[in-house]
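The values are calculated or read from the model by the stated rules, or taken from the named source; none is laboratory data. As the structure is a computational prediction, the values presented were derived from the model and not from experiment. When we count neighbours, we look across all protein chains shown, and the Cβ atoms used for this are built from the backbone with ideal geometry, even at glycine. Heads up: the accessible areas ignore ligands, DNA and RNA and are worked out on the full protein's heavy atoms, side chains in. Shrake-Rupley method; radii C 1.70, N 1.55, O 1.52, S 1.80 Å.
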Amino acid sequence: MKIQAFLQKVLLLELWQGMWVTLKNQFRPHITVEYPKETVEFPPRFRGVPRLRKDPQTGEELCVSCLLCEAICPTECISIVSEKRPDGKGKQLISFTINYERCCFCGLCVDPCPTKPITAIYMSHDYEFAGFDRDSYVTAREELVDGKPVKIYTS
Amino acid sequence: MFRTEMMDINMGPQHPSTHGVLRLKLLLDGETVTDTDVLIGYLHRGVEKLCESKNYHMIEPYTDRLDYVAAMYENLGYVETVEKLMGITVPERAEYIRVITAELQRIASHLVWLGTHALDIGAMTVFFYCFREREILLDLFEAFCGARLTYNAYRIGGLPWDVPPGWTDRVRHFVKIFPGRQQEYDTLLTKNRIWLGRTKGVGILKAGDAIDFGVSGPCLRAAGVSYDVRKAHPYSVYDRFLFDIPTGENCDTYDRYLVRMEEMRQSLRIVQQALDGLPAGEVMGKVPKRIKPPVGEVYHTVEGPRGELGFYIVSQGEDKPYRMRFRSPSFVNLQALPHMVKGSLVADVVAVIGTLDIVLGDVDR
Ligand code: SF4
Ligand code: SF4
């Protein structure tokens, strides 16, 4: 036992074992990607910036101005202005703004949206929304529906 | 003619080894630390006060931002506290999925700890390997709830979604490959003479002192006290799983390392059992639309990766808590730091901060 311990000490055995581990790992495949040249694929539930959407069939806006998303948003970043429809049935949107500067991407606004199964507000997969000034984060309804044009980076 | 002088040294708040914005004022006699002042508050956001103006649904995203390295546990502790206050029963499947995600989170959190702790002491390779495995876990969380760090993964009464298709197989795959990967960290560190030299006998925290300071989690268990909330006050469905509580003997940094390594193995065991026993069914229980707990107060703890994580809510029958208080393990464990570094060298302070595994978001709240 003593000889073994002595040999271990002199021959630096545990260090060589560690070296062997690092050597083995040299040959493992890479797991990093070179953003922005390559991007990773997102799972369907990925929570990017919240956006509004239209009915895919009729092309009409889905939002019924129930203000539930505004009420549940913890950072109070959604603001909705709506009025009664002229025919008296329900309400229609005048403006719908999300301040991305405050949004914390929690996804709570999607939960209560009553237009099931396709919710009017949804967490999109967009994540590149850097801006140069604070105003550029206050996103109005048109941009929320169509999405900001995404800049594609190439090298 | 010649004389020696005590010297005050500031460590932090922008020091890479303080894991955030911790500031230490060290009083040094040569290289020996004689006194330490821990100055905190650089990340204070007033979440406790903020919660008083938010309703119960809105608070969950805020709990994510406390201990952002282990946000699942903050979510879990918070929703369980509200459920306890309101007497809501959670469907079994939801409980199992909560246990699986929470235990995976413990592994992910311990991987961050191991990587950064080793990096602080000078072993850089381990850091990359740990983050490689953590990446697999974060991908799993992303597939489950859509976010990688601030999950907001549970809701009061259950889960917002069931697991996505194929998710359990991916978890099984992780359970299969992880022991091999952990063996690699083991080979790199456990017998490494530099690692032993930097951790053995460093930052001793005896059981009595640990209890006096209120230290919990792996730091307490490394002192030989076998206390784990999962066993002592079982919450969720933890009473159905077989797992051991690893404890140490020497109360030093090396023992805390061994305890945490063993905890990862035990977590894997729990995940395996939960996957095997995963029942079918609903994931959301019966919950009123407006969460309005009855008048009363409740305290509930879960065993986070850093220790006992407590939530205290006082309700006055409104949809907002009257008072919200978090017992964050990092904050309490940090109190032991001056005691642990007293009389040791400056270089050991870094090792002790690493072994306490603090997260400043949790300390300052
Ligand atoms: S994701 Fe959260 S913070 Fe952002 S708009 Fe929705 S509810 Fe508000
Ligand atoms: S919850 Fe849905 S329908 Fe209601 S206002 Fe918000 S986006 Fe519109």
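Quick one: in region B:291-318, which of the residues that are open to solvent by 20 Å² or more (accessible area, probe 1.4 Å), touching a strand residue (DSSP E or B) at 6+ places or on another chain (Cβ under 9 Å) and among the acidic types (Asp, Glu) is farthest from B:HIS233 (Cα to Cα)?
Ranking the qualifying residues of region B:291-318, first place goes to B:GLU297.
If you take the residues in region B:92-132 that are crowded, with 24+ Cβ neighbours inside 10 Å, under 18 Å from the mean Cα position of the chain (by Cα) and within 14 Å of chain A (Cβ to nearest Cβ), which one is farthest from B:VAL237 (Cα to Cα)?
B:ALA118
Taking helices (runs of 4 or more DSSP H) that do not extend beyond region B:139-228, which have at least 1 residues that are within 11 Å of chain A (Cβ to nearest Cβ)?
Values: elements: B:167-189, B:193-199, B:207-213, B:218-221.
Helices (runs of 4 or more DSSP H) meeting the threshold: B:167-189, B:193-199.
Scan (1) under 19 Å from the mean Cα position of the chain (by Cα); (2) among the β-branched types (Val, Ile, Thr); (3) within 14 Å of chain A (Cβ to nearest Cβ) for the single condition B:VAL69 breaks and write down its number.
Of the numbered conditions (1) under 19 Å from the mean Cα position of the chain (by Cα); (2) among the β-branched types (Val, Ile, Thr); (3) within 14 Å of chain A (Cβ to nearest Cβ), the odd one out for B:VAL69 is (3).
Are any residues in region A:84-108 touching a residue at least 12 places away in the same chain (Cβ under 8 Å), more than 10 Å from ligand 1 (Cβ to nearest atom) and either within 14 Å of chain B (Cβ to nearest Cβ) or more than 30 Å from B:TYR154 (Cα to Cα) (or both), and if so, which ones? Walk me through how you get there before you give the answer.
Applying the first criterion (touching a residue at least 12 places away in the same chain (Cβ under 8 Å)) to region A:84-108 yields A:90-108.
Okay, now just the ones that are also more than 10 Å from ligand 1 (Cβ to nearest atom), so A:90-97, A:101.
Listed by number, the residues that qualify are A:GLY90, A:LYS91, A:GLN92, A:LEU93, A:ILE94, A:SER95.
For region A:51-83, what are the residues that are without any contact (Cβ under 8 Å) to a residue 60 or more places away in the chain, within 13 Å of ligand 1 (Cβ to nearest atom) and assigned to a strand (DSSP E or B)?
The answer is A:ILE78, A:SER79, A:ILE80.
Name the residue, out of A:VAL33, A:VAL49, A:VAL81, A:VAL21, that is within 13 Å of chain B (Cβ to nearest Cβ), β-branched (Val, Ile, Thr) and closer than 30 Å to B:ASN55 by Cα. It would help to see each step written out before you state the result.
Working: A:VAL33 fails: closer than 30 Å to B:ASN55 by Cα; A:VAL81 fails: within 13 Å of chain B (Cβ to nearest Cβ); A:VAL21 fails: closer than 30 Å to B:ASN55 by Cα.
Matching residue, one of A:VAL33, A:VAL49, A:VAL81, A:VAL21: A:VAL49.
For region B:149-159, give me each residue that is under 22 Å from B:LEU114 (Cβ atoms) and either open to solvent by less than 10 Å² (accessible area, probe 1.4 Å) or over 16 Å from the mean Cα position of the chain (by Cα) (or both).
Once the filter is applied, which keeps residues that are under 22 Å from B:LEU114 (Cβ atoms) and either open to solvent by less than 10 Å² (accessible area, probe 1.4 Å) or over 16 Å from the mean Cα position of the chain (by Cα) (or both), region B:149-159 yields only B:TYR151.
Looking for whichever is modelled with pLDDT under 85, within 16 Å of ligand 2 (Cβ to nearest atom) and within 14 Å of chain B (Cβ to nearest Cβ) here; the options are A:ASP55, A:ASP111. Which one fits? Explain how you work it out, then say what you get.
Working: A:ASP55 fails: within 14 Å of chain B (Cβ to nearest Cβ).
Every option except A:ASP111 fails the conditions.
One line per residue, one yes/no per condition, for (1) more than 24 Å from B:ARG265 (Cβ to Cβ); (2) among the basic types (Lys, Arg); (3) in a helix (DSSP H, G or I):
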| residue | (1), (2), (3) |
| --- | --- |
| B:TYR73 | no, no, yes |
| B:LEU76 | no, no, yes |
| B:GLU80 | yes, no, yes |
| B:LYS84 | yes, yes, yes |
| B:ILE88 | yes, no, no |
| B:TYR96 | no, no, yes |
| B:ILE100 | no, no, yes |
| B:GLU103 | no, no, yes |
| B:ILE107 | no, no, yes |
